[in-house]
Amino acid sequence: MKTKWELSDGVDRSLMESLLHDEGEIIKQSPAKSVTRHEADGAAFYVKRSRHSVFPLRRQKYWFKECPARWEWRVAGAMHSLDIPVVEHLAFCENWSLTGLQEDILITSAFGGQPLHLVDDVDAQSVLRFVNECHEKGMVHGDLHPANILINPTSGELRLADLKGVRLEREPNPAKQKEDLAYLNIHFPMPLSPELLRLSDRVRREKMAVRSRRCLKNNREFGPKSCGKTSWWIRKPMANEALGQVLAEPDSVLRGETLLKAGRTSTVGQQGGFVLKRYNFKKPLNLLKDFFRPTKARRAFQLGYHLELVKVRTPSVIAVAEHRPLGFAIRSYLVMAKIEEATDLIDAAHDDPCLAKRLAKLIGRMHAEGFSHRDLKASNVLVDCKGEPWLIDLDGLSFSGTVSVRVAMSNLNRLVRGVRGKPVDTVVNRKRFIRYYCRVAGFRPSELRGDQK
């Protein structure tokens, strides 16, 4: 193993090496990356590691391109020369072997500040000016979220952190710089023009669609877990002994008093605070289709997490498993959080003036976020003890990014057929629903009426 170091002027290499032997405080961690905080000699430091050895063939590509630490080291030096405030970069090193780059490490000095989203009463105008000044000097960030801008709560000083992907250009693309502001605005609202606000909403939806895929990757929140003969993909923060019992013997939850539904295509049961759904073998043709595509359980797992990200109320997805002998999906399982004391929409109190409004906002937001639900029947909407509606049974859910008036009306008509003649179906509730639905979904009432003709 050969180690290559590069240090800033006046930095003690032995001190930097000592940090690598200290466990430190874990800030972020995944199989491929970690960030830890260390204290030594009366100062604080951050160590960022990228472990390339965990991925096949990744080690070899750095014979031909810069590794992440070297890229950030070079960009930090260039930004410092342009007087763009960044956290102080002290050293980086690369650990090489005959098979390629095993690991790269970047060490920075701690800055007496916190990420923007963790500090109260931050002046949005000053942040906007800071970003515009960086843009004027040629910066295109590409990942400008609040955690990558640190602010000192006392002095108000701002600095950039995590420069992965940052570029400095003589003639930067204004569209890319606008995307920087649009992305930052998602989690840190700023006084932007209507054009940038529309761009921010579009960027947010695109980013959330990409981020939803992380639920099927090994990271801080999601990862694999073997229970008995079944390999599960679980949500790590929700793992506990009660969940382990469900995962160890999932079919036992689908028998006796814990059984909720026994259907040909699916079976549903509950245990503790969890609801388990098993997707059964239905058609021989599906064996061939599911050989090349994710199962319904896997698709519902990702779509459920996507709904959570965009704040459309649905039970939290917790675990998923596929039983694939020889690659053919015989059955699959999905575990979700249980909604306590919930009832079907058709059984909910019809005299609650807020129910129609809340339901309209839920479905309107679903459509506004680019989701459609071809099976939006009343039994797929639950109402909890606080009168809040929840979407369940995501088998008919799909994400396209935009929902047309015709598709929206098809979803709504399916819901209307399910509640027609029920206590919740009143003239007042219908009018209230349409009014609030249009506000959230972005349609005009005339468009909905026109589509019905």
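The values are calculated or read from the model by the stated rules, or taken from the named source; none is laboratory data. Here the structure is a predicted model, which is why all the values come from computation and not from measurement. FYI the Cβ positions are ideal-geometry reconstructions off the backbone, even for glycines, and counts take in every protein chain you see.
What the table below lists for this structure:
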item: Candidates His89, His80, filtered to the one that is surrounded by fewer than 16 Cβ atoms within 10 Å (Cβ to Cβ), of a type outside the set (Phe, Trp, Tyr) and either in contact with a Lys or Arg (Cβ under 6 Å, 6 or more places away or on another chain) or in the same structural domain as Val35 (by TED's automatic domain parsing) (or both); result: His80
item: The range 31-78 - residue that is in a loop (DSSP other than H, G, I, E, B) and among the small types (Gly, Ala, Ser) and, of those, farthest from Leu150 (Cα to Cα); result: Ala32
item: Count of the range 405-453 residues which are under 16 Å from Lys361 (Cα atoms), among the hydrophobic types (A, V, I, L, M, F, W, C) and not in a helix (DSSP H, G or I); result: 1
item: Boolean, Val75 is under 27 Å from Asp12 (Cβ atoms) and in contact with a Leu (Cβ under 6 Å, 6 or more places away or on another chain); result: yes
item: Lys137, sole failed condition from (1) closer than 28 Å to Lys61 by Cα; (2) outside the structural domain of Thr36 (by TED's automatic domain parsing); result: (1)
item: When residues of the range 354-377 are limited to those that are without any contact (Cβ under 8 Å) to a residue 60 or more places away in the chain and part of a helix (DSSP H, G or I), the one nearest to Ser212 (Cα to Cα); result: Met366
item: Residues of the range 135-164 classified as of a type outside the set (Lys, Arg) and in a loop (DSSP other than H, G, I, E, B), total; result: 15
item: Lone unmet requirement of (1) in contact (Cβ under 8 Å) with a residue 40 or more places away in the chain; (2) farther than 25 Å from Arg205 by Cβ; (3) among the hydroxyl-bearing types (Ser, Thr, Tyr) for Tyr436; result: (2)
item: Test for Thr230: is it polar (S, T, N, Q), buried (at least 16 other Cβ atoms within 10 Å of the Cβ) and farther than 30 Å from Gly370 by Cα; result: yes
item: Every pair of residues 6+ apart whose Cβ atoms lie under 7 Å, when the first sits in the range 392-417 and is among the polar types (S, T, N, Q) while the second is surrounded by 16 or more Cβ atoms within 10 Å (Cβ to Cβ) and not in a strand (DSSP E or B); result: Ser400/Gly370; Thr402/Gly370; Asn411/Leu376
item: Residue count for the range 1-30, restricted to those that are within 17 Å of Leu101 (Cβ to Cβ) and either assigned to a loop (DSSP other than H, G, I, E, B) or of a type in the set (Lys, Arg) (or both); result: 3
